[in-house]
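For reference, the structure is listed below as structure tokens.
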Amino acid sequence: MEFVDLNAQHQSLKKELDSAIETVIKQSAFIRGPFVEEFESKYAELMGIKHCISCANGTDAIYIALRALGVELGDEVITTAHSWISTSETITQAGGRVVFCDTEDDYFCIDPEKIESHITDKTKGIVAVHLYGQAANMDAIMSIAKKHDLWVIEDCAQAHLAEYKGSKVGTIGDVGTFSFYPGKNLGAMGDAGCLITKREDIANFSTLYARHGGKNNHLIEGINSRMDGLQAAVLNVKMQKLVEWTDIRINLANYYSEQLSKISNIVIPKVRGDSKHVFHLYVVRNNNRDAIKLKLQNDGIPTIINYPRALPDYEAYAYLGNREGDFPVASKHANEILSLPMHPFLTRQEQDIVIEKIVEHST
Ligand SMILES: *Cc1c(COP(=O)(O)O)cnc(C)c1O
């Protein structure tokens with residue numbers, strides 16, 4: 001059993017992928033070019049937004065967004081205490097200061113009730129993450145942002161096609177950033193990423209900034225963060241399946257939840273009302289997590305801990321001087337969470353084995 005079965009995914013589209021890749025090679029369209037342009041216009045259309053700017057990966061997408069929003073040395077940016085480190089390291093790279101905020105017990109996303117206590121006169125923005133595919137509480141986040149004149153970046157690396165009150169995530173804040181790392185809900189065959197925005201100024205800046213500040217005329221100094229033609233061609237093929245794959249993920253999650261809700265000491269993931277959770281990861285909680293993980297591993301069932309520590313609890317953030325207990329929810333979750341196998345090619349039989357073994361090991 002695989003945690004994410006990319007081979008099955010690629011076999012299911014082998015003809016289309018082979019032909020797309022061959023075409024790119026024939027045309028030597030390796031950097032930018034028609035396949036990348038096609039990707040940008042198709043992805044913008046899928047998201048229902050005006051601009052999509054491709055870049056090299058999801059981490060760069062956040063970094064470029066921060067630069068586009070004008071982060072300057074010493075600016076404070078509030079973000080969640082529970083995410084992949086790309087979310088926070090890019091704030092530092094852009095010259096800002098990371099200010100962590102604890103998460104919601106039920107939904108694993110930044111807790112809007114705790115955001116305001118972190119706001120100072122240096123605060124410039126909020127980076128929210130739709131973790132595991134669940135939309136953050138965007139109404140509350142946007143109203144805090146409006147009240148304090150802050151911008152909002154949505155890190156959608158795990159949340160392609162997720163929705164909050166009928167709006168696709170990434171279209172609510174100033175910018176949405178996506179990763180197409182192979183294992184993400186829409187994945188390339190290498191690194192790729194993009195930003196989406198309705199703001200013309202952000203689109204223009206990002207386009208320039210990601211490509212050395214302009215092609216023939218360097219208006220600003222930028223970076224080199226381009227999407228490869230090969231990756232774009234692969235994404236253009238796979239994008240056609242994204243709606244279907246997302247529906248399958250939701251069905252798989254519903255089945256897991258239906259069965260696992262019968263076990264008293266397993267906490268199943270809650271879905272926020274009025275929102276569409278796209279289950280990049282299906283994450284359960286148990287206070288004997290390490291023992292269950294080991295037993296499942298011995299049964300040949302792969303599980304992952306996303307992520308083993310709250311971000312402020314890593315050595316990388318010791319310099320912030322946060323103390324143990326400052327982020328009680330995120331730190332507690334880190335000790336309890338376990339991600340179960342989840343991908344669109346997971347079979348009912350495989351799910352039943354996972355469920356059976358969890359029942360066996362948790363009771
Ligand atoms: C994957 C991920 C990223 C970074 O994407 P890369 O393409 O790997 O750079 C950023 N944020 C979150 C929440 C992610 O899961």
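Each value in this text was obtained by applying a stated rule to the coordinates, not by laboratory testing. Just so you know, these numbers come straight off a predicted model, no measurement behind them. Heads up, the Cβs are rebuilt from the backbone with ideal geometry, glycines too, and the neighbour counts pull from every protein chain shown.
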What number comes out for the charge environment of residue 150, summing +1 per Lys or Arg and -1 per Asp or Glu over other residues with Cβ under 13 Å away? -2
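Given the Cα-Cα distance of residue 352 and residue 200 and 0.36 nm per residue of separation, how much length would full extension add, in nm? Don't jump to the answer; show the numbers that get you there.
On the way: separation 152, 0.36 × 152 = 54.72 nm, distance 4.87 nm.
Gain on extension, residue 352 to residue 200, equals 49.9 nm.
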In debye to the nearest 20, the charge dipole size for the stretch 6-239, taken about the Cα centre with +1 at each Lys and Arg Cβ and -1 at each Asp and Glu Cβ, equals 760 debye
Which net charge results when you count Lys and Arg as +1 and Asp and Glu as -1 among the other residues whose beta-carbon is under 9 Å from that of residue 331? -2
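Filter 42/168; 293/357; 14/241; 262/332; 114/165 down to the pairs with a C-alpha to C-alpha distance above 18 Å, please.
Values: 42/168 15 Å; 293/357 11 Å; 14/241 13 Å; 262/332 23 Å; 114/165 22 Å.
Distance filter (> 18 Å) returns 262/332; 114/165.
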Potential extension, residue 148-residue 250 segment - 0.36 nm per residue separation minus Cα distance: 33.1 nm
Restricting attention to the alpha-carbon atoms of the chain, what are Rg (one decimal) and Dmax (integer), both in Å? 20.4, 66
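Based on the alpha carbons, how large is the Rg to Rh ratio for the stretch 242-362 when Rh follows Kirkwood? Mind dumping the intermediate values first?
On the way: Rg = 15.7 Å, Rh = 15.6 Å.
Result: Rg/Rh = 1.01.
For the chain, what is the relative contact order in percent, using Cα pairs closer than 8 Å and at least 6 residues apart in sequence? Display every interim value, and only then the final one.
On the way: 749 pairs, mean separation 77.7, N = 363.
Relative contact order of the chain: 21 percent.
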